[in-house]
Amino acid sequence: MTKSIVISQPMFFPWIGLMEQVRLADVFVHYDDVQFSKGSFFNRVQIKTATGVKWMTVPVQHNGLSTDINQTSLDDATNWRASHLGQLKGAYQKAPYLKDVLELVEMVYAAPSRNLAELSIRSIEALANYLDLSKDTSFIRSSTLNIGGQSTQRVLDIVKQLNGDVYVTGHGARHYFNHDLLERDGIRTEYVDYKLTSYPQLHGDFTPYVSTLDAIASLGREAKSLLVSPGLYWKDFLIRAGLPILPFDDKSFLEQRTAA
């Protein structure tokens, strides 16, 4: 029996694609000791409103460019929690499960968060619990594993320490990931084959690239039925994406990936 590992940077009330990764994981590793970057999904997410897609952002204190997200403090100079709840009430006032959305967010905000990573992790696990995914997936933080290094080598070391056979990742890794490194250790890399299943959604044309809260507002706990995406072997994924399968040490690897 295989054991699937997902390693993902914590995202704030993330899009439903991250819930697909949770569903595919036996162990979901919150990559919480990576650098904060402005404009990322660490502290913001999009929601749909009557006037278009809007950002819901958690203000943070900038402690320097090299600050990890588990050391990035929240900025409570304004009552952003109340502002978020107001945004959600306005956006989903006509949704059948608005109450569930507000209760879920209020629960996350009620617990103290010492840093941005804790808040985003709490939001992910609250969504996973609501969608009944936690019974099949265990969660751990990379900062607790005492594994150094970076990039693909660190991923490999984490997967090996957790006795994983399969590493599942999102599509962004195709530009830099050394698939061969894991394969030489007998670990299969798969990309999530996102199906982007549509559902009755408020405010115009359907988009999957908004917070999972959007699906919950429309479907409640039945939003779990949207999670149907399988993993796709990395070579098949690259072929379908029109990317060449190159040895990682080929000097043109990064140039061709980036150009694609």
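The values are calculated or read from the model by the stated rules, or taken from the named source; none is laboratory data. Keep in mind that what you see is a predicted model, and the values were worked out from it rather than measured. Methodologically, a virtual Cβ is constructed for each residue, glycine included, from the backbone with ideal geometry; neighbour enumeration extends over all protein chains shown.
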Here is a list: Ser198, Ser225. Which entry is closer than 23 Å to Asp26 by Cα and out of contact with any Ser or Thr (no Cβ under 7 Å at 6 or more places or on another chain)? Ser225
For the stretch 33-55, enumerate the residues that are surrounded by 15 or more Cβ atoms within 10 Å (Cβ to Cβ), within 14 Å of the chain's Cα centre (by Cα), outside any strand (DSSP E or B) and not hydrophobic (A, V, I, L, M, F, W, C). Asn43
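Let's see how each residue does on (1) more than 17 Å from the chain's Cα centre (by Cα); (2) at pLDDT 95 or above:
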| position | (1), (2) |
| --- | --- |
| Arg174 | no, no |
| Glu190 | no, yes |
| Leu202 | yes, yes |
| Asp205 | yes, yes |
| Pro208 | no, yes |
| Ser211 | no, yes |
| Ser218 | yes, yes |
| Trp234 | yes, yes |
| Phe248 | yes, no |
Only unsatisfied item for Lys3, checking (1) surrounded by 14 or more Cβ atoms within 10 Å (Cβ to Cβ); (2) basic (Lys, Arg); (3) more than 17 Å from Leu127 (Cβ to Cβ), is (1)
Note: among Ile216, Ile187, just one is among the aliphatic types (A, V, I, L, M) and surrounded by fewer than 20 Cβ atoms within 10 Å (Cβ to Cβ), namely Ile187
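Residues that are of a type in the set (A, V, I, L, M, F, W, C) and touching a residue at least 40 places away in the same chain (Cβ under 8 Å), at least 3 per element: which helices (runs of 4 or more DSSP H) completely within the stretch 130-227 meet that?
Working: elements: 151-161, 179-183, 212-219.
Fully inside the stretch 130-227 and qualifying: 151-161, 212-219.
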Checked against (1) at pLDDT below 95; (2) more than 20 Å from Met11 (Cβ to Cβ); (3) within 21 Å of the chain's Cα centre (by Cα), Asn146 satisfies every condition except (3)
